[in-house]
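Values in this text are rule-based calculations from the coordinates and carry no lab data. Computed from a prediction, not measured in an experiment: that's the story for all the values here. We place every Cβ from the backbone using ideal geometry, glycine too, and count neighbours over all the protein chains shown.
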Amino acid sequence: MSRPDYAVYIGLDVGKQAHHACALNVDGTRLHDKPLPQDESSLRGLLTELGTHGRLLVVVDQPATIGALPVAVARAMGIDVAYLPGLAMRRIADLHPGNAKTDARDAYVIAEAARSMPHALRRVDVGDDTLADLEVIVGFDDDLAGQVTAQANRIRGLLTQVNPALERVLGPRIQHPAALELLTRFGGPTGLRAAGRRRLLAVAKPRAPRSYQRLVDDIQTALTEQTVTVPGTRAAELVLPKLATGLARLLHDRDELGTQLEDMLDAHPLAAVLTSMPGIGVRTGARILLEVGDGSSFPTSGHLAAYAGLAPVTRRSGTSIRGEHPARGGNKHLKRAMFLAAFAALHDPTSRAYYDRKRGQGKKHNAALICLARRRCDVLYAMLRDGTLYQQKTPAAA
């Protein structure tokens, strides 16, 4: 983040009921260091009072959720707002004496970082309602994705307990509508065995028109592999339909949310730029947009790659330690989105050729994908900087 001439740096350690505000002038003198209630009038009063010293910069440790009101009030008053990421804040706090963890100390660390280390700050996109809406929807979608994974693992674990052969058939297909409907209708192995082939086919066919026969054949083959009844099977027959119904509902909610997310993303001017890149879909595009914005807060593509945790870290110490190692830090949400986008882009000839070249150099699958994601970071940065769509190039031979 660039450094205009600010007269006062206000660090806010935000909280649900109250914040703690610490204001420093350019010399580091404390102008204010008190708790601040979480209401508009108190925020406006403090900012108006401190505004008599000159231009203000408000820095928060959370720009959304409990920090949304201070950001909105500062914007409404025409005051610049910035964000200090939590990892950077903790590292900067280690530079200050003492081990205490208090709101007052955190607010001071935020203000001091804004005053002396402006490069550590991230810009809060001003007045972008689309990004605020995306933040809420993407957060809810992440929650649903976690619930889907937990519910699917619960079903697979229960199937493994009572009939491992059946789990090997249904486990990889557990999110398929046909598999979920069969479990909902007939329960576990006892119910599926009693239903008979004709009923299984009738239920599976509308939900898997091209593969229903193979699915039923695999289920019946798995059921013949185990003749003993494991303790707990009767309870599993009661629980599995409820778990399958819950998982189907979660998947349906995610599909509906995906449609809403696509509509919101389309309203942003950079949506077409992001989704033009192979491998970037609605969900990954929304996440990248939330974490990066228009990319203007990063001086170079290398800064963006380092922020995403995709740039290798050089470690050297004399002659004993030499080399570059994968970064363990960075923005985990952005890193995951870039990694998934690189994996999805393997169908693209250019991306595939680069991936194959890295595999040919001896790198394993994940390492080659990280290299591809780092390469795509440069392309994405240029696209955001220039506002241009992705341009396909002829891939070089692997």
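Tabulated data for the structure shown
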quantity	calculated
Antiparallel content of DSSP bridges confined to region 1-127, in %, to 5	60
Cβ-Cβ FRET estimate between Val230 and Gln392, R0 fixed at 45 Å, reported to 0.05	0.25
Two-site label geometry, Arg207 and Asp5: point separation in nm, points 7 Å out along Cα→Cβ	6.8
Helix 365-386 axis, angle to the chain major axis (alpha carbon atoms, nearest 10°)	50
Relative contact order of the chain, pairs being alpha-carbon contacts under 8 Å that are 6 or more residues apart, as %	12
Sites Gln147 and Asn25 - FRET efficiency at Förster radius 35 Å, r taken between beta-carbons, to 0.05	0.15
Förster radius 45 Å - calculated FRET efficiency between Ala68 and Ala353 (Cβ-Cβ, nearest 0.05)	0.50
Peptides 181-190, 152-161 ordered by average Cβ neighbours within 10 Å, highest first	181-190, 152-161
Highest-first arrangement of 274-284, 218-228, 63-73, where packing means the average Cβ count within 10 Å	274-284, 63-73, 218-228
Contour minus Cα-Cα distance for Asp39 and Glu262 (0.36 nm per residue)	76.9 nm
Length released on extending from Ala76 to Glu49, taking residue separation times 0.36 nm less the Cα-Cα span	8.1 nm
Taking N as its residue count, the alpha carbon Rg of region 239-291 over 2.2 N^0.38 Å	1.48
